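Written below as structure tokens is the structure these notes are about.
The values are calculated or read from the model by the stated rules, or taken from the named source; none is laboratory data. Note that the coordinates shown come from a computational prediction; the quantities given were computed from them, not determined experimentally. Here the Cβ positions follow ideal geometry from the backbone for every residue, glycine too, while neighbour counts run over all protein chains shown. Keep in mind that these areas ignore ligands, DNA and RNA; they rest on the heavy atoms of the full protein, side chains included. Shrake-Rupley method; radii C 1.70, N 1.55, O 1.52, S 1.80 Å.
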Amino acid sequence: MRSRTSAPWRTTVLPLAGLLVIGLNPLAAQAGDEHAHHHHHHAASAVSRSEAAITPPRVNLRNQEGATVVFADAIDDGRPVLLNFIYTSCTAICPPMTRIFAEVQESLGDDRPRVRLVSVSIDPEQDTPRRLRDYARQFGATEPWLFLTGSAAASTAVQKAFNSYRPDKMSHTPVSFLRRAPGQAWVRLDGLAQAGDILRELRPMLPPRP
């Protein structure tokens, strides 16, 4: 399913992302040879910001507990959404991206339940719910952070809706998406956005407390 954009992406460049020392994902040790010649040139790249309307596809996915969810419904519960694409055997950008999301969740404090975090696997053939659950625990992910997998077709549909699809999973690039509420525009941060970058976008999206 294709994304629907009401206007061209409006892009601005944010300050340089901080340098990261990337460790090996323990779950991905067996993939070391596969990734040996796969390099993501992201450490010193700037983060660019753009906005567009996106229609989340109504495809079935499974969360880290094995429950089937309709993707569009899972992210349309009224809360602000923070979303990215990962796969558990990735040894390059996925571990730091997930650590950054975990830092965002921790920094939210009492506001944590008010934000829906979502990580969608781009390697659903390998990323079973159990594997995603183990991966989530490795990074201290807690409710309401969803890790989603499903059929290759469903995963591809979500990636294409967000204009993030790459035929080769090892060609994926770091990108984060944020949305205030259903029906509103999505903010896209291309590059390895740090927790501070994300929180500056996310905190104003939180509705005032009663």
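Looking at the stretch 124-164, which of the residues that are β-branched (Val, Ile, Thr) and farther than 20 Å from residue 174 by Cα is surrounded by the fewest Cβ atoms within 10 Å (Cβ to Cβ)?
142
Of all residues in the stretch 46-105 being basic (Lys, Arg) and farther than 19 Å from residue 201 by Cβ, which is least open to solvent (accessible area, probe 1.4 Å)?
62
May I ask you to say which residue of 188, 180, 166 is modelled with pLDDT under 95 and over 16 Å from residue 103 (Cα atoms)?
Step by step, each of 188, 180, 166 is checked, and only 166 is modelled with pLDDT under 95 and over 16 Å from residue 103 (Cα atoms).
I'm trying to understand the selection: among the residues of the stretch 158-175, which are over 15 Å from the mean Cα position of the chain (by Cα) and assigned to a helix (DSSP H, G or I)?
170, 171
Please go through the stretch 121-152 and pick out each residue that is without any contact (Cβ under 8 Å) to a residue 40 or more places away in the chain and part of a helix (DSSP H, G or I).
Result: 137, 152.
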